[in-house]
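In what follows, a single structure is set out as structure tokens and then discussed.
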Amino acid sequence: MDKNSTLYKMRQKYISHPLQGFGAYLAYWMFAAMPIDMASNFGGWLLRTIGPKVGQSKKARNNLVRAFPEKSADEIENIITGMWENLGRSAGEIPHLHKLKPGGPRIEIVGAEHGLASKDDDKAGLFFTGHIGNWEVSMCIATVLEMDMMSVYRAPDNPWVDNLFMRARKTFRGQLVKKGPDGARKLTRFMKQGGHACMLVDQKMADGIAVPFFGRDAMTAPALAQFAIKYDAPIVPVRVERLNGAHFRMTFYPPLAVPQTGNRNADILAIMTKVNATMEDWIRERPEQWLWVHRRWPN
């Protein structure tokens, strides 16, 4: 490790990360002090006002123009503004996640029978969703189905921020594991024992496989398909939509077909193509609720 790399890591550990963490905790407790609707509204207003002016919006704009060539410039800008509002609302709602009860006045449940069928089939099962609406609400899937579940997540680079998110997820029923070799081993053992797992599948994986997404190849993690084939596990899509303010709908869809042709690579590609197509359909219906600032496609 060279000297510059060592200095950079020291600055991150002792300066940048603590400062970022302080800001995150300050925002967390500010939102926590508000009623949930006020926190959601204020967070939405704040990022709707600031977000379209920051540099990240250029990335979102480029992605949107390529994904929706038929939309006008005004329509694209409206989606960007809506995206920032959704992100702001989601941030404001984080300290209040424990108040969002499935089946209560804030989370409508549709199609739970599709998830329950996976629960009662005496084998491993998989659920997938994406960064749509407030994706932290997907932590309720295990509670809705009254089952233990392992959820895989990408930990923030900043451990202070990671600890804050873990605090907010304290009501999750099951195990949270970080993406990486250790998490993969834990998930493999869990699935081998007939466990159920939930994955967010819409982020770029540099060493993944190329799968169509909005008409362009996107590097996609194949783990969902690999586990489905290995353990003959059904794959249940779960969509979380923001309906109005801090109110949501969680929809369980019928399981995707899992081909077993004997050509493993072809089967994995076929499954992940269907997964990406499902995500694309959801995003096209509510484009302002997806995370367009993510670098999902190659330049």
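The values are calculated or read from the model by the stated rules, or taken from the named source; none is laboratory data. This structure is a prediction, so every number in the text was calculated from the model and none was measured. Cβ sites come from the backbone with ideal geometry, for glycine too, and all protein chains shown count toward neighbours.
Answer yes or no as to whether ALA67 is surrounded by 14 or more Cβ atoms within 10 Å (Cβ to Cβ) and modelled with pLDDT under 95. Answer is no for this residue. Listed by position, the helices (runs of 4 or more DSSP H) inside the stretch 143-250 whose residues that are without any contact (Cβ under 8 Å) to a residue 12 or more places away in the chain number at least 1 are 159-168, 181-192. The residues of the stretch 19-70 that are not acidic (Asp, Glu) and not in a helix (DSSP H, G or I), listed by number, are ALA33, MET34, PRO35, VAL54, GLY55, PHE68, PRO69. For the stretch 256-290, residues that are of a type outside the set (D, E, K, R) and in a helix (DSSP H, G or I) total 17. Looking at the stretch 206-263, which of its residues are exposed (fewer than 15 other Cβ atoms within 10 Å of the Cβ) and closer than 25 Å to GLN289 by Cβ? The answer is GLY215, ARG216, ASP217, LEU243, ASN244, GLY245, PRO254. Taking (1) aromatic (Phe, Trp, Tyr); (2) outside any strand (DSSP E or B); (3) in contact with a helix residue (DSSP H, G or I) (Cβ under 9 Å, 6 or more places away or on another chain) in turn, PHE128 satisfies each apart from (2). One residue alone among LEU200, LEU164 is at pLDDT below 85, surrounded by 18 or more Cβ atoms within 10 Å (Cβ to Cβ) and of a type in the set (A, V, I, L, M), and that residue is LEU164.
When the stretch 264-285 is limited to residues that are in contact (Cβ under 8 Å) with a residue 60 or more places away in the chain and of a type in the set (Val, Ile, Thr), the one that is surrounded by the fewest Cβ atoms within 10 Å (Cβ to Cβ) turns out to be THR273.
The condition of being surrounded by 18 or more Cβ atoms within 10 Å (Cβ to Cβ), modelled with pLDDT under 95 and of a type outside the set (Lys, Arg) holds for PHE31.
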